[in-house]
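Engineer: Have a look at this one before I ask anything.
The values are calculated or read from the model by the stated rules, or taken from the named source; none is laboratory data. This one's a predicted model, so the numbers in the text were calculated from it and none came from an experiment. A quick note on method: Cβ atoms are made from the backbone with ideal geometry, for glycine too, and the neighbour counts reach across all protein chains shown. Heads up: the accessible areas ignore ligands, DNA and RNA and are worked out on the full protein's heavy atoms, side chains in. Shrake-Rupley method; radii C 1.70, N 1.55, O 1.52, S 1.80 Å.
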Amino acid sequence: MGEPILKAEHIKKIYNEGGDNETEALKDISLQINAGDFVAIMGPSGSGKSTLINILSTLDRATKGKLFIRGEQVSRMSAHELANFRNKNLGYIFQNSILISNMDVYHNIATPLVLKKCPKAEIRKKVMALAEGLGIENLMNHQINQCSGGQVQRVAIARALITQPHLLVADEPTGALDSKRSHELMQLLTQLNDNGTTIILVTHDNMIASYAKKLLYIHDGLIHDEIVCGDLSQYEFFNKIVELNAGDYISQFFRK
Ligand code: ADP
């Protein structure tokens, strides 16, 4: 087991606290993510997945509870400290990752390093190494709006990884891709994970989740279940995930 990268202790999130439409989106979530983990978060619509990933990735703050990333209590940081911390430690991939459409691929990937004032030669070396690994080295001079959906997603991954983040956070990363591209992207994430990148991912898709090593199933703002792939084949893990989702879906009807 790797060293702890992220620790969440008794996270609670209440939207519109004290207002008419107060919603307790997360009730009491505690979890730990270690270096080298690949964790998928699933759960029914409205169960709190987006809220949780936004808090774990420091894009939103919990109402109560503590969040530690690499031993630092991020829940206490100021907005400015948090922005620096994010740049150093976290990479993000979203369904519709925002890239600069009238800028070429090279500069889209390079932007985080330009902002960090890295020397030009170092930037070029890093961008090209990453682009080769992702098979997009021939696109460097293309504008983003000339790239296909799959290519755009690879550029977004390259940009997320260029700062060598300790934790890669992906929220429905395959949402805008067809099934072939989705599998390619997941194979790529698996490869990154094999090479040491820690990944946390939200998905509603059983097949996508089956690429992870561990699954956290959220229901009504609580961790309802946790399953680990371990020695199972991807197919066996997929079947376990399907069973878990189906069981929860059916039990909702019997509860009513
Ligand atoms: P999921 O991603 O699993 O669909 P969410 O985290 O989006 O779930 O939502 C969990 C609950 O919190 C839902 O009841 C949702 O309506 C509510 N919620 C989410 N975001 C907000 C917000 N910005 N303001 C108020 N309520 C919200």
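Engineer: Enter the accessible area per residue of segment 159-256 (Å², integer; probe 1.4 Å; all protein chains in place).
Structural biologist: 50
Engineer: Apply the Karplus parameterisation 6.51 cos²θ - 1.76 cosθ + 1.60, with θ equal to phi minus 60°, to every residue of segment 105-110 and state each ³J(HN,Hα) to the nearest whole Hz, in sequence, with x for glycine and proline.
Structural biologist: 4, 3, 6, 4, 5, 6
Engineer: Now a separate question. Could you run the Karplus curve 6.51 cos²θ - 1.76 cosθ + 1.60 with θ = phi - 60° over segment 155-167 and give me ³J(HN,Hα) per residue in whole Hz, x for Gly and Pro?
Structural biologist: 4, 4, 5, 4, 5, 5, 9, 4, 8, 6, x, 6, 9
Engineer: Right, here's the next one. With a 1.4 Å probe and all protein chains left in place, how much of the accessible area of segment 4-255 comes from carbon and sulfur atoms, in whole percent?
Structural biologist: So the carbon and sulfur contribution to the accessible surface is 50 percent.
Engineer: Now for a separate question. Helix 234-255: angle to the longest alpha-carbon principal axis of the chain, degrees 0 to 90, nearest 10?
Structural biologist: 40
Engineer: Report the charge-dipole magnitude of segment 140-245 in Debye, nearest 20, computed about the Cα centre from +1 at each Lys and Arg Cβ and -1 at each Asp and Glu Cβ.
Structural biologist: 480
Engineer: Taking 22 Å as R0, compute the FRET efficiency from the Cβ-Cβ separation of K180 and H204 and round it to 0.05.
Structural biologist: Step by step, r from the Cβ atoms, then E = 0.70.
Engineer: Apply the Karplus curve 6.51 cos²θ - 1.76 cosθ + 1.60, θ = phi - 60°, to the phi angles in segment 184-197 and return the couplings in whole Hz, x for Gly and Pro.
Structural biologist: With the stated coefficients, segment 184-197 comes to 4, 4, 5, 5, 5, 5, 4, 4, 4, 5, 4, 8, x, 7 Hz.
Engineer: Let me check I've understood the local charge: for V242, count other residues with C-beta under 15 angstrom from its C-beta, Lys and Arg +1, Asp and Glu -1. What total comes out?
Structural biologist: With Lys, Arg at +1 and Asp, Glu at -1, the net is -4.
Engineer: Compute the FRET efficiency between E122 and A83 as 1/(1 + (r/R0)^6), taking r as their Cβ-Cβ distance and R0 = 30 Å, and round to the nearest 0.05.
Structural biologist: According to the calculation, E is roughly 0.85.
Engineer: Skip the ligands, DNA and RNA, and give the accessible area per residue of segment 28-141 with a 1.4 Å probe, whole Å².
Structural biologist: For segment 28-141, the solvent-accessible area averages 51 Å² per residue.
Engineer: Moving to a separate point now. Please report, in debye to the nearest 20, how large the charge dipole of segment 4-255 is about its Cα centre when each Lys and Arg carries +1 at its beta carbon and each Asp and Glu carries -1 there.
Structural biologist: 1000
Engineer: Give the peptides 38-47, 218-227 in descending order of average Cβ contacts within 10 Å, highest first.
Structural biologist: The densest-packed peptide leads the list: 38-47, 218-227.
Engineer: In straight Cα distance, which lysines are under 21 Å from K126, not counting same-chain residues fewer than 8 positions off?
Structural biologist: Output for K126: K88, K116, K117.
Engineer: Ok, one more. For the chain, with the dipole built from +1 on Lys and Arg beta-carbon atoms and -1 on Asp and Glu ones, taken about the Cα centre, which of L161, P112, L67 lies farthest toward the positive end?
Structural biologist: Selected residue: P112.
Engineer: I've got another one for you. Once the dipole of segment 172-242 is set up with Lys and Arg at +1 and Asp and Glu at -1 on Cβ about the Cα centre, which of V242, I223, H183 lies farthest towards its positive end?
Structural biologist: Farthest towards the positive end: H183.
Engineer: Per q in 0.29 Å⁻¹, report the Debye log10 I(q)/I(0) for segment 207-256, using one uniform scatterer on each alpha carbon and no solvent.
Structural biologist: At q = 0.29 Å⁻¹ the computed log10 ratios are -1.12.
Engineer: Please list, ordered by chain and number, the residues whose modelled amide H lies under 5 Å from the amide H of L222; skip anything fewer than 5 residues away on the same chain.
Structural biologist: K27
Engineer: Under 17 Å Cα to Cα from K49, which aspartates and glutamates show up? Leave out anything in the same chain fewer than 8 places away.
Structural biologist: E9, E24, D28, D60, D171, E172, D205, D220, D225, E226, D248
Engineer: Can you tell me what share of the DSSP beta bridges in the chain is antiparallel? A percent to the nearest 5 is fine.
Structural biologist: 55
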